[in-house]
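Student: Here you go, one structure.
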Amino acid sequence: MKNLGEGHASYMHISHTNSGKKDNATPLFDWGKYYEKDGRIVMPVSVQEHHSFVDGIHIGQFADMLRKYMELF
């Protein structure tokens, strides 16, 4: 596995185009390239959602489940 080194990231910015629909409830997920840093595997993850459709607790639950799943590898 390649170490990207200090100060490097697999992505720096993500921006989703707004559909223009007032009731767009589709959560958007993105992830960058995983890499090794300080002996650990790191993978940036971005979630964009509308607060009237998804509570922060659900994003936290998703993050916890994803972390636990990734620790299996």
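Student: Regarding M12, is this residue surrounded by fewer than 12 Cβ atoms within 10 Å (Cβ to Cβ), modelled with pLDDT of 85 or more and either part of a strand (DSSP E or B) or over 11 Å from the mean Cα position of the chain (by Cα) (or both)?
Tutor: No: the conditions fail for M12.
Student: Which condition number does G39 fail, the rest of (1) modelled with pLDDT of 85 or more; (2) over 18 Å from F73 (Cβ atoms); (3) of a type in the set (G, A, S) being met?
Tutor: In the conditions (1) modelled with pLDDT of 85 or more; (2) over 18 Å from F73 (Cβ atoms); (3) of a type in the set (G, A, S), G39 misses (2) alone.
Student: If you go through the range 39-69, how many residues are out of contact with any Phe, Trp or Tyr (no Cβ under 7 Å at 6 or more places or on another chain), surrounded by 10 or more Cβ atoms within 10 Å (Cβ to Cβ) and among the aliphatic types (A, V, I, L, M)?
Tutor: 5
Student: I'd like the residue in the range 15-38 that is surrounded by 10 or more Cβ atoms within 10 Å (Cβ to Cβ) and among the acidic types (D, E) and, out of all such residues, is farthest from the chain's Cα centre (by Cα).
Tutor: So, considering only residues that are surrounded by 10 or more Cβ atoms within 10 Å (Cβ to Cβ) and among the acidic types (D, E), the one farthest from the chain's Cα centre (by Cα) is E36.
Student: Strands (runs of 3 or more DSSP E) wholly in the range 28-73 with at least 1 residues that are among the polar types (S, T, N, Q), under 21 Å from I14 (Cα atoms) and in contact (Cβ under 8 Å) with a residue 12 or more places away in the chain - which ones?
Tutor: In the range 28-73, the matching strands (runs of 3 or more DSSP E) lie at 45-48.
The values are calculated or read from the model by the stated rules, or taken from the named source; none is laboratory data. Nothing here was measured: the structure is a model prediction, and the numbers come from that model. Glycine also receives a Cβ, built like all others from the backbone with ideal geometry; neighbour counts cover every protein chain displayed.
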